[in-house]
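Peer 1: Quick one: the structure is below, and I'll ask about it shortly.
The values are calculated or read from the model by the stated rules, or taken from the named source; none is laboratory data. Being a predicted model, the structure only gives us computed values, none of them experimental. Every residue, glycine among them, receives a Cβ derived from its backbone with ideal geometry; neighbour counts consider all protein chains shown.
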Amino acid sequence: GEDVEQSLFLSVREGDSSVINCTYTDSSSTYLYWYKQEPGAGLQLLTYIFSNMDMKQDQRLTVLLNKKDKHLSLRIADTQTGDSAIYFCAESMYNSGYALNFGKGTSLLVTP
Amino acid sequence: GAVVSQHPSWVICKSGTSVKIECRSLDFQATTMFWYRQFPKQSLMLMATSNEGSKATYEQGVEKDKFLINHASLTLSTLTVTSAHPEDSSFYICSASGSGGANEQFFGPGTRLTVL
């Protein structure tokens, strides 16, 4: 698919909020996702948002969606060292049976 | 939640040999399974989509004769890398969908393939 863009690296201090941004490509995507990948591991679905929503909150996670600008963000409140990982945003691709088109991932480093 | 397993988790093989990777949905029936490939510090790239009982649909640039996909049942899909070469070394991840809303896909833990 076309490129889903993410910043590659983010460093925050423990206890601060982290905001990871993503620009997606397919305006017909029904769902947009955030996945977390720890070193050497598979993907863990963190949260998703339906395209007719503009915000979703799930405990420490807040997803904001600007459909007009095709912009998605993930805010992690009170970031912990255990949140250090790579975060991927992904859009579902209707024309590929809803396979996911991933961004390159944002490496989040949380320092004490 | 739904669980997807992959086997083996890692494999090292000699150039020219074939390697089979299994992807299983353990507690749900997966109507669709996807195979992705991830290079170091890169994103996941979709290789193919398979539906149970039918031929896989490959993404552009993925050789179907090299990466054989079989989705024989609603809980098992296999990816066979035929005549593997060092450039096939990668992290292969499968996902399965069919049980949840949000077109949700459940990902396996991945298989690290190293071809010597």
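Peer 1: Which residues, counting only those in segment B:51-68, are modelled with pLDDT of 90 or more, outside any loop (DSSP other than H, G, I, E, B) and within 13 Å of chain A (Cβ to nearest Cβ)?
Peer 2: B:T57, B:Y58
Peer 1: From the list B:F39, B:F107, pick out the single residue that is within 11 Å of chain A (Cβ to nearest Cβ), surrounded by 15 or more Cβ atoms within 10 Å (Cβ to Cβ) and within 28 Å of A:S107 (Cβ to Cβ).
Peer 2: B:F107
Peer 1: Among the residues of segment A:76-85, are any buried (at least 16 other Cβ atoms within 10 Å of the Cβ), touching a residue at least 60 places away in the same chain (Cβ under 8 Å) and within 13 Å of chain B (Cβ to nearest Cβ)?
Peer 2: No, that holds for no residue.
Peer 1: Name every residue in segment A:19-33 that is within 12 Å of chain B (Cβ to nearest Cβ) and buried (at least 21 other Cβ atoms within 10 Å of the Cβ), in order of residue number.
Peer 2: Within segment A:19-33, A:C22, A:S29, A:L32, A:Y33 meet the criteria.
Peer 1: Restricting attention to segment B:3-30, which residues are surrounded by 17 or more Cβ atoms within 10 Å (Cβ to Cβ) and more than 15 Å from B:G110 (Cβ to Cβ)?
Peer 2: B:S25, B:F28, B:A30, listed by residue number.
Peer 1: Turning to a different aspect of this structure: Looking at segment A:37-50, which of the residues that are out of contact with any Leu (no Cβ under 7 Å at 6 or more places or on another chain) and either not in a strand (DSSP E or B) or not aromatic (F, W, Y) (or both) is modelled with the lowest pLDDT?
Peer 2: A:G40
Peer 1: Right, here's the next one. What number of residues within segment B:30-44 are assigned to a loop (DSSP other than H, G, I, E, B) and modelled with pLDDT of 90 or more?
Peer 2: 0
Peer 1: Failed condition for B:A84, given (1) buried (at least 16 other Cβ atoms within 10 Å of the Cβ); (2) part of a strand (DSSP E or B), with all others met?
Peer 2: Among (1) buried (at least 16 other Cβ atoms within 10 Å of the Cβ); (2) part of a strand (DSSP E or B), the lone unmet condition for B:A84 is (2).
Peer 1: Determine which member of the set A:D69, A:D16 is outside any strand (DSSP E or B) and either within 11 Å of chain B (Cβ to nearest Cβ) or over 22 Å from A:Y94 (Cα atoms) (or both).
Peer 2: A:D16
Peer 1: Of the conditions (1) assigned to a loop (DSSP other than H, G, I, E, B); (2) within 30 Å of B:T31 (Cβ to Cβ); (3) out of contact with any helix residue (DSSP H, G or I) (no Cβ under 7 Å at 6 or more places or on another chain), A:S28 fails just one. Which one is it?
Peer 2: (3)
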